[in-house]
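The numbers here are math on the coordinates, done by the rules we state, and not lab data. Because the structure is a prediction, the values reported are computed rather than measured. Cβ: placed from backbone, ideal geometry, glycine included. Neighbour counts: every protein chain shown.
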Amino acid sequence: MTGRNRNVSGRVRPHMRGTHGSNPATRILTTLVALLALQIGSLVAPAYACGCGAMIPDSSERIGVDREESAVRWDGRTETIVMRFNVHGNARRAAWIMPVPSRAEVTLGDPALFDALESLTAPEERDRHYFWPREGDWPFDSSYGDGAAGAAPPGAGSGVGVVGRERLGPFDVARLTATDPAALGDWLHANGFELPERLPGALRPYVDRRWEYVAVRLAPQEKGASLQGKLSPLRISFASPELVYPMRLSRLARTPQTLGLYVLADHRMEPRSPIGGDRPEVTFAGRIDGDESAAVTGLTGGVPVHLTALEQEFPHPDRIDDDHRLRAVSDTPYREVVYNDRLLTIGDDVPAWLVTVGGGALLAAAATLLAVRASRRRSQPAPGVRSTA
């Protein structure tokens, strides 16, 4: 018998009281004007959104990335990132840029990978019982007992070198080198895309370190359709002596960002610092066989690895000041526990509180009856004794 579903922590929104004496019509008009201003603003200014790269739509369109989800495999020499974005907006095409420390190989990722990893890292569910009925339990819920619970020409910019070009499903992928941040801007402008003004500055650290870039043109396969929902994953592999997850360009995002990261390595891996976001939260850490599914095997090669699942919030993306650099920590296993609060019952259907209260009431009634009978006996005269009154 389930109470109020599962016990989930959250914030309580304070109750806001309206201004005494204010005109209801004025408040409604003010609200409508504010909403209209927000809507117009969202149409005029394209919402440049960034994952671990920069996603750039045409100037008249907008696109947002609510969540960036990636699986990273690192064997000490080679790093492979499989990434998937959940996007919204009205953009019919967009460009996406990701810096990489060395020459990259790009292929399509297996869409089944993230379902497999989500299953492997799912929280452990435990029941936690309570005695007194709550909202949703009988007699506070009439339904009690029903069993229900609640792409572009290469070399367009003179400072850009195109070292590879592939067509992968809906993606037109160009692998680029650049000696100046402005060169990437020229390349994108020549291919019909506009840049956020801050992008060249954000690229400067990568240019200084002689990193390369993966530039992708995204376009829906259906003509005239917009980019919506979960995009097909991309798989990017490159040599790297350390496990690094590029995040610096995410500082260009205009809305809060969420990162979900699955790390598969020889040991449990965690970020060295929060790089301007909330503290990364480990939701799972443990050793897996590496061959749990074809999708997992395709990433691990079928060898046992440590899998670490991380979640991180970036309420203020402009504070991101570095890439994620991960380090090995103690291989202590961990799995998140989610408690399901359930009403304590006797058998399958009878609430324990009802039995306890009902039983107590019966005992009290019996005790009262016995006391009344005993009192009557004491008040009656003994046999053979006459009253002198």
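A few remarks follow.
- Stretchable slack from LEU344 to GLU313, in nm (0.36 nm times residue separation minus alpha-carbon distance): 7.5 nm
- Close amide H pairs (under 5 Å, H built 1.01 Å from N) link THR345 with ALA352, residues at least 5 positions away or on another chain.
- In this calculation the C-beta distance from ASP180 to ARG128 is compared with R0 = 56 Å, giving a FRET efficiency of 0.40.
- Peptide ranges 205-216, 249-260 listed from the most packed, as the mean C-beta count within 10 angstrom indicates: 249-260, 205-216
- Two-site FRET efficiency, GLU105 against THR356, from Cβ-Cβ distance with R₀ of 56 Å, rounded to 0.05: 0.25
- Inter-label distance, nm, simple model (7 Å from Cα along the C-beta direction), ARG279/ARG254: 3.3
- Ranked by the mean number of other Cβ atoms within 10 Å of their residues, highest first, the peptides 320-332, 172-184, 288-300 fall in the order 172-184, 288-300, 320-332.
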